[in-house]
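Everything below concerns the one structure shown next.
FYI, it's all coordinate maths here, none of it is from the lab. Being a predicted model, the structure only gives us computed values, none of them experimental. All Cβ positions, glycine included, derive from the backbone under ideal geometry; neighbour counts span all protein chains shown.
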Amino acid sequence: MIGIVISDTFLITGVWSDADNDPTLHNVKQIDYTEPINDIIHKEGELSSVLGIALRRVSEAIPYSGQDIAVAISDEFLYHDSVETEIDLAREDYWDYVSWIEKKKNRPPYQKMSIFGQIYLPDEINIHTVSCPTTLIRTIKLSVAELGGNPYWMGPSSSVVIDAGYVSDAGMVIKKKNQYRFYMVKNCRFDHGIIAFTSGQPKIISSTESDEYTLGSFKLIQSDIDDIPIYSPDKLGRQALSCWERSDLRKMDPFEDVKLSSNISDSTNHYESNILTSLALGASSRHSFNFFDEEKISDFLFTEVFSEDKDIEREPFSLPQTPITKEKRVRKSDPITGGEMVWLLFALIVIMGLFFAMNYIKFRESINKPLFSGDDNYVIKKIDPVNLNERAQGTVDYDINMHLQSREISSVISKLFNSTELKMYNNLTITGTFISLEYMSGLNPDIEHIVGLETTSYSVESAGSDSTMFLWYYSFDFPELNKTEGMTSGFGKDEFLTMIDTTVNDYTLKFFDQFYKTNRIYEPVLIWVRGVEDIKTTGNILTHSGPTVLFRKFVLFNEVDKPDPRAGFYVSFLDI
């Protein structure tokens, strides 16, 4: 097998064999480009003349013909992100949402990106998404195929390490000047960000998780949070090592744990050599998402990697050398006589008769006509109804939490609908964990006072050449749940659907499979509504819905320059 590591100024290629499941590295070559490729990554002609030529040059020393080719791409060419999962959404909905986010970035037409997603099973906490320049994928795939190789796998350098299967929870750091970019997988969740050190003290520059959780996971602060091992493919100086001395930092050395068929004569870069080593030793090329495949959301299950390792460790098959022994004579059993066969058939008939009789008795009882009762009265047993008000006075359980979240989402929707214009939103998302929106206005819309919450992030920028209009970006944490109000009044499922059908003009319904939780059956449904008035009407109906109609999530899509608002109301019906 051949591994290729692509960086900005050079590439490293190695070839290894995997006889007896023990990788042996035979040759490694590093080829410098004629110019850096970062500035020409979207220009297919120029990229082919630089990267394509480098791939051909290295194939002269390490022929590709008939070989599987695994490629690791530097993370500086890629855009990592994560999308939180929701129990009501299908994979198609996630893919539509990820594609919509990429479309809203308004990249120039020549900067086309290919999107790939990966979910870590079994918990499915979030989706790790990566955007890669399409021209880079196409150039590498065509060049490898032209040279006779089989495009087997391609993915991020960071995934080569954290998805290698060394451990289920792992992190990786890359030093850039005085900062460290990190990628980690912990408890089936992907996170990334940047850490810096000031006078030896860690500071989070950016992170997709909370500062305390991130620093605690890396053991940079005193915390009860479980820490994870951190792999460092790059060289770290004495000062850098002192910053990470409390962490479980695992420095990687090139070609460690790999047999060498001969001495590696060429000098190679430390970081890329470690990525090449992980390609040879790890399981990422067999299990992590693959840029050579079609764009999709893939599954990653660590137990498959571990079970694969167990299979690899099995001894090779060989024919056993056993002494010849005399064949033992086995006495044949006597055939069943006719009398024995009659008794067997009789026993079988009795067993089957008892089985049908018991089921018939149960059936008669289920239809209120018991077989052995002289009383002709019907008996109806009904479970006592759940009093949500009484349950809300005690410990909040899953049902109460969902109802309280539903009320809070309805409250936020009502405030925004009454105080802002829907046509001025580019997007609006409200879930049980966060609120985010993008709003265009010439004046400060004062969203934080409308919803009565403190912002977690806030920014504003000029909208194109028109300096009188601005784009306002807001993010909020979901408000704390308040359970003091009554929970018994409002529309039920049938009334709710009737109100939607009679008062909303342009809408579609999409039902999902029911699911069972905490002794309750939930029936998820997605309601797509078009038009300002219909969206407001639907929101008003949900505001007046009862405890069996749970408002789970709200999304609004629109383009201010071409206003056509389309909203998705994610609702679950609770069968009590």
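What the table shows:
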read-out	value
Length-normalised contact order for segment 390-575 - Cα pairs under 8 Å, 6+ apart - percent	27 percent
Residue-wise HN-Hα coupling along segment 93-99, computed from phi with Karplus coefficients 6.51, -1.76, 1.60 (Hz; x: Gly, Pro)	5, 4, 5, 4, 5, 5, 5
Length-normalised contact order for the chain - Cα pairs under 8 Å, 6+ apart - percent	11 percent
Share of Cα-Cα pairs in segment 158-205 lying beyond 17 Å, as whole percent	37 percent
Cross-link pairs beyond the 32 Å C-alpha cut-off, checked among Lys141/Lys203; Lys105/Lys553; Lys104/Lys553; Lys112/Lys562	Lys141/Lys203
Tail beyond 48 Å, pair distance distribution of the chain (Cα, percent)	33 percent
Semi-axis lengths, Å, segment 66-157, gyration tensor of Cα atoms, sqrt of 5 times eigenvalues	27, 18, 11
Neighbour net charge for Ser59 - beta-carbon separation under 10 angstrom, K R +1, D E -1	+1
Peptides 134-141, 472-479, 195-202 ordered by average Cβ neighbours within 10 Å, highest first	134-141, 472-479, 195-202
Reciprocal mean inverse distance between Cα atoms of segment 390-575 - Kirkwood radius, Å	17.4 Å
Segment 1-157 - Rg and Dmax from Cα coordinates, angstrom	17.6, 53
Calculated Rg and Dmax of segment 174-304 using C-alpha coordinates, Å	16.8, 48
Helix-only CD estimate at 222 nm, as mean residue ellipticity for the chain, using -39500 (n - 2.57) per DSSP H run (n ≥ 4)	-9000 deg cm²/dmol
Peptides 175-187, 450-462 ordered by average Cβ neighbours within 10 Å, highest first	175-187, 450-462
